[in-house]
């Protein structure tokens, strides 16, 4: 492995400023050490336009590479170490399926504005753009959903039912204000008039990693650990978020750990999110905090990115044989519009 590491470092030096490697916080430490920039989805999206490198290597899952490709300039190319590493949540909502549902909602006589979590395909983001909606991340979901609700249209939030409800509750909505849709392979199962009374319609997807977190895990750790503070990602189920001391995006969890490490109390901090990040935070603050995972939960798609795959990609870029991420031209502009609307709302 040291040989692979050295070869990656040598290639990075050869590429110089032509290459920029970006890594999501859920990557392993072996990958993060090679990254020029790291962040969550929002941080990395905001950074794309400030990067001058010709080759952008995105160490993350497929939708992240697509989102980066939407924001690059014509002389730039985006590459993925493993194009088959996808997001299980993103696969729960296709552009075609969402298009059918949006049309059915409109056919009920409802004006609808869609909000798509960034964990979705370009095809889905394009549909959101066509219908005048916006993308959001876990860091800015509250601001984007607030904007959508201010239009006085019915909002369709997709695909994460947990993030949708957690965000809605943070804005003062309750269960009477929303409905989780029941879907067939083509569109809606529920077409009753009661849908018309809901301010928020919610796609029934979720993150299988964060959905593993349970209230029982929280109760057990609070019983076992004295002076314990627990923080989770808002993709966790609402009952888990309610039982915690705080919830927020990946960046929020990182900043919270940093703040607590500077204080004398609490000594025991539990983080409920992807385990690669939790382990990195544990190592970073081990002299000041006893930092534990709420539950061991590794994303298999994030873990599919290895040093060997990164090396192979860099070698292929050097040879001119690497395949960049491509975007269908019909989807490019509406998807860009949905992304840009997010950046405008949250600037």
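Quick check, is residue 143 assigned to a helix (DSSP H, G or I) and surrounded by 22 or more Cβ atoms within 10 Å (Cβ to Cβ)? No. Check whether at least one residue in segment 186-204 is in a strand (DSSP E or B) and at pLDDT below 95, and report yes or no. Within segment 186-204, one or more residues are in a strand (DSSP E or B) and at pLDDT below 95.
Entry remark, segment 306-347: residues being in contact (Cβ under 8 Å) with a residue 60 or more places away in the chain, farther than 18 Å from residue 77 by Cβ and in a loop (DSSP other than H, G, I, E, B) number 2 in total. Quick check, is residue 100 within 17 Å of the chain's Cα centre (by Cα), outside the structural domain of residue 246 (by TED's automatic domain parsing) and not in a strand (DSSP E or B)? Considered against the rule, which asks whether it is within 17 Å of the chain's Cα centre (by Cα), outside the structural domain of residue 246 (by TED's automatic domain parsing) and not in a strand (DSSP E or B), residue 100 comes out as no.
Of the conditions (1) free of Cβ contacts under 8 Å to residues at least 60 places away in the same chain; (2) touching a helix residue (DSSP H, G or I) at 6+ places or on another chain (Cβ under 6 Å); (3) closer than 20 Å to residue 119 by Cα, residue 167 fails just one. Which one is it? Here residue 167 meets the rest and fails (1). Looking at the structure I just gave you, is residue 204 buried (at least 23 other Cβ atoms within 10 Å of the Cβ), in contact (Cβ under 8 Å) with a residue 24 or more places away in the chain and touching a helix residue (DSSP H, G or I) at 6+ places or on another chain (Cβ under 8 Å)? Spelling it out, it is not the case that residue 204 is buried (at least 23 other Cβ atoms within 10 Å of the Cβ), in contact (Cβ under 8 Å) with a residue 24 or more places away in the chain and touching a helix residue (DSSP H, G or I) at 6+ places or on another chain (Cβ under 8 Å). Filtered by the rule that a residue be closer than 25 Å to residue 288 by Cα and surrounded by fewer than 20 Cβ atoms within 10 Å (Cβ to Cβ), segment 210-220 gives 217, 219, 220.
From the list 290, 223, the one residue that fits, being surrounded by fewer than 21 Cβ atoms within 10 Å (Cβ to Cβ) and over 24 Å from residue 30 (Cα atoms), is 223. Among the residues of segment 9-51, those that are surrounded by 21 or more Cβ atoms within 10 Å (Cβ to Cβ) and outside any strand (DSSP E or B) comprise 25, 26, 27, 31, 40, 41, 42, 44, 45, 48. The set of residues in segment 238-251 that are part of a helix (DSSP H, G or I) and either modelled with pLDDT under 95 or surrounded by fewer than 19 Cβ atoms within 10 Å (Cβ to Cβ) (or both) comprises 238, 239, 242, 250, 251. Tally up the residues in segment 254-278 that are crowded, with 17+ Cβ neighbours inside 10 Å and over 23 Å from residue 223 (Cβ atoms), please. Matching residues across segment 254-278 total 4.
The values are calculated or read from the model by the stated rules, or taken from the named source; none is laboratory data. Keep in mind the model is a prediction, meaning the values are calculated, not measured. Virtual Cβ from ideal backbone geometry, glycine too; neighbours counted across all protein chains shown.
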